Structures are given as C-alpha cells and as structure tokens.
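See structure below.
The values are calculated or read from the model by the stated rules, or taken from the named source; none is laboratory data. Here the structure is a predicted model, which means the values were calculated and not measured. Because the Cβ atoms are built from the backbone with ideal geometry, glycine has one as well, and the counts that use them run over all protein chains shown.
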Amino acid sequence: MMNHSTEQRRATGLRLTTARLAPAVFAAFALLCGAAFAAEDKTRPYLETRTLSAELSARAADQALAACTKKGWQVAVAVVSREGHLSHFARHPLAGPHTITISRKKAYTAAVARVPTKDVADMEQLNSMRNMTTMRGGVPISVGGYFYGGIGVSGATSEDDEVCALAGVEAVAEELEFGE
C-alpha cells in the first residue's frame, strides 16, 4: 500500500512529465494540421468561388429568351446561382403559367447536379425531390474551369428549350472566361 507522500510524488511526476510533453505534443499536432492544410492551399485559409453578377445573370436570361422569341417560342427562363438560388428570371408575356415553375426547376437541377438535365433523365428518383426535374432544357453555367450555376428554359419542346439555354450560356461565356 502506498502512503500519501508516494502518491503525491507520482502525481507530481506525472504532472511534470505532462507539462514537459504538452508543448511537444501541441507542436506536433500543429505541424500535422498545418501540413494537411498547406497541402490543400498554401496561400489562403479559405476557398474561392465565382458567382455570376446580376448583370451577367440578366444577360444570360435575356439572350436565352431572345433566342427562343426569335424562333416564335414563348418561354420562361430562370438563372440560378451555384447553390440553386434564383438569380434572374425572364418570361415572354404569352408564356404559359407552368413555364415559371418548370424553368426554375430545370435551372436548379442543372446547378445542383452540375450536368445538363438531359443527362439526369434516367435518374427517376430526382423527380420525387423537391425543386428538381428530369426534363430536358436546363444546363449548367460552367466556363473556363469554374462553375457558376444553372439556366433553365421552359415553353418550347424540351430540345428547343435546351438550345435556348445554351444560347444564354454562350452570351456570357466569353466575358466569364476572359473578363478578369
């Protein structure tokens, strides 16, 4: 059986050992964390993303609408951010009321899935997810290695909706790629 003074010496020795090791353990931990962090990005402690300006969102939507109107199609166009938030909306005055919701869902699906909606058509489970659709006519806005969001068109045939959505992306692609 240990007496009180032996227990105190052991506890004191443990505290001294811990006190001596703590800075070394902390330094090793900091080095490991720092090395892992540095491997990801050596210059910044944050991630950079690009977001469409209100002006470019409007231009993409307006050009998509103009491309469809020129061909006699009455459509609605939605542009969403990379997170799926509505950025701009344009609609032909005679487009059906259903085109509002459908264009928004097409844009949202293209942004969240980061692929054209025609590429998710075989994923039936998406139809049951809120705000998503497998109908063709939504395309991601991805230019120069950066992802910006999605654009969706509704009111013509699905194939024609996609053609107009691509016209919207083309209208802003050059400025996104070279506008630094």
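Scanning the stretch 130-180 for residues that are surrounded by fewer than 17 Cβ atoms within 10 Å (Cβ to Cβ), out of contact with any strand residue (DSSP E or B) (no Cβ under 7 Å at 6 or more places or on another chain) and more than 13 Å from residue 118 (Cα to Cα) yields a count of 11.
Please pick out the residue among 127, 131 that is in a loop (DSSP other than H, G, I, E, B), modelled with pLDDT under 90 and of a type outside the set (Phe, Trp, Tyr). After ruling out the rest, the residue left standing is 131.
Let me confirm something: among 61, 111, which residue is in a helix (DSSP H, G or I) and free of Cβ contacts under 8 Å to residues at least 40 places away in the same chain? Of 61, 111, the one residue that is in a helix (DSSP H, G or I) and free of Cβ contacts under 8 Å to residues at least 40 places away in the same chain is 111. From the list 153, 115, the lone residue that is in contact with an Asp or Glu (Cβ under 6 Å, 6 or more places away or on another chain), under 24 Å from residue 51 (Cβ atoms) and among the β-branched types (Val, Ile, Thr) is 153. Go through the stretch 57-109 and give me each residue that's among the hydroxyl-bearing types (Ser, Thr, Tyr) and under 12 Å from residue 156 (Cα atoms). Of everything in the stretch 57-109, those that are among the hydroxyl-bearing types (Ser, Thr, Tyr) and under 12 Å from residue 156 (Cα atoms) turn out to be 69, 99, 103.
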